[in-house]
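What follows is one structure encoded as structure tokens, with my remarks underneath.
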């Protein structure tokens, strides 16, 4: 089962960091969403060791969070 490392930050300060074990990336995001409190504008970095992390920005902080990929390179 993969171990996803994550960090949640607002502005430039890391508010929360940890590890989630799950079968899929989607399940890891759901688990994080259930246990952290994010606000619009917060940044989430999540990944597995040996690969660059995926970066997301919280675009909704009311009830269920929605995460938008950020830092993508143009094709």
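Structural remarks
- Highest-MSF residue in the chain out of 45, 27, 57 [GNM, Cα springs under 10 Å]: 27
- Applying D = kT/(6 pi eta Rh) to the stretch 3-69, where Rh is the Kirkwood radius over alpha-carbon pairs, T corresponds to 25 °C and eta to 0.890 mPa s, the Stokes-Einstein value obtained is 207 µm²/s.
- The modelled label-to-label distance for the pair residue 70/residue 16, using points 7 Å beyond Cα in the direction of Cβ, is 1.7 nm.
- Comparing 60, 12, 39 in a Gaussian network model of the chain where C-alpha atoms under 10 Å apart are linked, the largest mean-square fluctuation is found at 12.
Since every read-out is calculated from the coordinates, none of them should be taken as a lab result. All values reported here derive from a predicted model rather than from experimental measurement. Using ideal geometry, Cβ is built from the backbone for each residue, glycine included, and neighbour counts are taken over all protein chains shown.
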